[in-house]
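The values are calculated or read from the model by the stated rules, or taken from the named source; none is laboratory data. For clarity, every value in this text was computed on a predicted model and none was experimentally measured. In this analysis, Cβ positions are derived from the backbone assuming ideal geometry, glycine residues included, and neighbour counts consider all displayed protein chains. When the accessible area is computed, the model is the full protein with side chains, heavy atoms only, and any ligands, DNA or RNA have been set aside. Shrake-Rupley method; radii C 1.70, N 1.55, O 1.52, S 1.80 Å.
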Amino acid sequence: MRRKLFLSTCYLLLATFFISGCATIYNPATEKKEFILIDTDSEVALGKVISKQIELQYPLSKDTEKIKRLNLIGEKIAQVCDRHDLRYYFKVVKDEELNAFSLPGGFVYVNSGLMNKATDDELACVVGHEIGHIAARHAAKKLQVSLGYQLIMSLAFQNASSLELGRAVNTVFGLISLGYSREDERLSDKLAVRYAVRANFNPEAMVSFFEKLREVEKKKGANYHLVFLESHPAIEERIANVRQEILRIRCSATN
């Protein structure tokens, strides 16, 4: 009898948890119905908390030309992406490493070193890739699996302990340094191509950017690794996938 009562209580608590904190939504970026633990307001609040911690580790550039360039290109991509329920923030990190990353809630960071190397079309593709992660809610979904609903809510409402905040930041740092899953990266590459086309940038720049980074890595030697290229799948496969997506879009446009 006690066991049945205990199980009934557990089921009730689980049902209350999922009804109050979760929602099944259709995500146009992934083209799937997804079970999301946190709403947009909570995701944005969470992103703001984590961004403050991230910016303690990654100093921002004060180069007005770079900031203006990134924002102009970023806004064009944001206007045509699949997610418009949040505001996008574009920030230049003062770092010569060829890298870019994003946080849940609309935060996109691009290193000054990458901006020095990329053309406007290539930068648009890079930003499209990062916005693709946000539109597909990759980081948010990763955090909800890693941290759990209760801790996410504590972070969003700024009630988390320093230990809990550190755990969240470490999870995000892991995403930044190690990249997303193979499937997530494939999708973000495809979204980068789609967004570039919609915003009237050259999608072929995604290929030239990958090739450019690969050449830099070769010149630096075997011990040098670009974060942007370390995630799966391999660069050759990513280039092939991007070319296939460009061809698919062009064929669709002619039909």
_Suppose we filter segment 85-132 for residues that are under 18 Å from D41 (Cα atoms), outside any loop (DSSP other than H, G, I, E, B) and modelled with pLDDT of 95 or more; how many remain?_
4
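Quick one: would you say I131 is more than 22 Å from T64 (Cβ to Cβ) and of a type in the set (A, V, I, L, M, F, W, C)?
yes
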_Candidate set from segment 181-211 (those that are open to solvent by less than 60 Å² (accessible area, probe 1.4 Å) and over 20 Å from A78 (Cβ atoms)); member that is modelled with the lowest pLDDT_ = S181
_Residues of segment 88-143 that turn out to be surrounded by fewer than 22 Cβ atoms within 10 Å (Cβ to Cβ), among the polar types (S, T, N, Q) and touching a residue at least 60 places away in the same chain (Cβ under 8 Å), as a count_ = 1
_Any chance S42 is open to solvent by 10 Å² or more (accessible area, probe 1.4 Å), more than 21 Å from A199 (Cβ to Cβ), assigned to a helix (DSSP H, G or I) and among the hydroxyl-bearing types (S, T, Y)_ = yes
*Determine, yes or no, whether I73 is of a type outside the set (S, T, Y) and modelled with pLDDT under 90.*
no
*asked:* Could you check segment 200-222 and list, in sequence order, the residues that are within 22 Å of the chain's Cα centre (by Cα) and assigned to a loop (DSSP other than H, G, I, E, B)?
replied: N200, F201, N202, P203, E204
*Test K66 against the criterion of being in contact (Cβ under 8 Å) with a residue 60 or more places away in the chain and either open to solvent by 10 Å² or more (accessible area, probe 1.4 Å) or within 15 Å of the chain's Cα centre (by Cα) (or both), and give yes or no.*
no
